[in-house]
Amino acid sequence: MASWESIYQAGKQLNRYPFSDIVSLIFQMKRDNPALKVLELGCGAGNNVVFMASESVTCAAIDCSKSAIDFAQARLSERNLNADLKVGCFTDLPWPDECFDLVIDRSALNCVPKPQIEVALQQVLRVLRPKGRLFSQMYADSHPAHNSALNATSEFTTGFRYEGYQDIDGLYFASEKDVTLLFDGFEKVNIALSTSQTLSGNILSAQWSISAFKPDTDQVG
Ligand SMILES: C[S@@+](CC[C@H](N)C(=O)[O-])C[C@H]1O[C@@H](n2cnc3c(N)ncnc32)[C@H](O)[C@@H]1O
């Protein structure tokens, strides 16, 4: 986690624009629920949060880096927008039970080892309303950063040599089976793999997009 603070302090990874999948999802969900309440895990410098707040979505977000949260808060304040931002770890979410309709994870959960992701997903289930949704984007184990790292394991990978990843302490890369097991407590789990590759077939990136719902408590048991 310390590496993320150094990355933001150095002014790196200050993503400016929201990710397109998140833009589409927010527009789609807001149509059905204008009072949508969203939590972003690992919000970084606030690119997705600023977009959501500018669309009048009530949003909260957490990041372990104080510098990232300071950037996000400054971006909100410049635009007279509000969001409930907190510095902290997503394994211990400082919000009450069942208060969000949607939780977003844009490549943040995969910044910690698999056992911590399991804890964070229990927290997500706690803060989601029954039938609430989780949208997660997670690195796939076919990603070349995983395969070219000095210490690639099934729980956490460190020692990156792949261009653009050298500053990061470690990441978790999931197989399809890992994703299925990780999201076991959810229902209607939909998993899609996106890869980008060169014309000659070299894979440049690979990630899972996961949509999953918290079961309706009335129907449990
Ligand atoms: C790849 S960046 C993604 C940032 C943002 N979601 C985006 O879409 O641009 C991952 C983020 O997760 C944060 N992060 C890593 N481990 C964390 C933890 N245990 N708790 C909270 N945030 C964490 C990092 O500080 C970083 O901002």
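Points to keep in mind about this one:
- Residue among 93, 102, 36 that alone is closer than 25 Å to residue 126 by Cα and either near the ligand (Cβ under 9 Å from one of its atoms) or in contact with an Asp or Glu (Cβ under 8 Å, 6 or more places away or on another chain) (or both): 36
- Taken together, 60, 45, 68 contain a single residue that is in a loop (DSSP other than H, G, I, E, B), buried (at least 20 other Cβ atoms within 10 Å of the Cβ) and in contact with a Phe, Trp or Tyr (Cβ under 9 Å, 6 or more places away or on another chain), which is 45.
- Residue within segment 92-101 that is in contact (Cβ under 8 Å) with a residue 24 or more places away in the chain and under 14 Å from residue 182 (Cβ atoms) present: no
- Tally, over segment 184-219, of residues that are outside any strand (DSSP E or B), within 18 Å of the chain's Cα centre (by Cα) and farther than 17 Å from residue 100 by Cβ: 1
- Test: residue in segment 44-67 that is farther than 24 Å from residue 186 by Cβ and charged (D, E, K, R): yes
- Extreme residue, farthest from residue 209 (Cα to Cα), among residues of segment 170-179 that are assigned to a helix (DSSP H, G or I) and within 17 Å of the chain's Cα centre (by Cα): 178
- Consider segment 2-14 and keep the residues that are assigned to a loop (DSSP other than H, G, I, E, B) and surrounded by 13 or more Cβ atoms within 10 Å (Cβ to Cβ). The one that is nearest to the ligand (Cβ to nearest atom) is 13.
- Residue check for residue 27: more than 13 Å from the ligand (Cβ to nearest atom) and assigned to a helix (DSSP H, G or I): yes
- Of all residue pairs spaced 6 or more apart or on separate chains, those with beta-carbon atoms under 6 Å, a first member in segment 56-72 that is away from the ligand (no atom under 12 Å from the Cβ) and a second member that is part of a strand (DSSP E or B) are 57/38; 58/37; 59/38; 60/39; 60/84.
- Residue match in segment 127-148 (condition: within 10 Å of the ligand (Cβ to nearest atom) and farther than 21 Å from residue 58 by Cα): yes
The numbers here are math on the coordinates, done by the rules we state, and not lab data. For clarity, every value in this text was computed on a predicted model and none was experimentally measured. Here the Cβ is made from the backbone with ideal geometry for all residues, glycine too, and neighbour counts use every protein chain on show.
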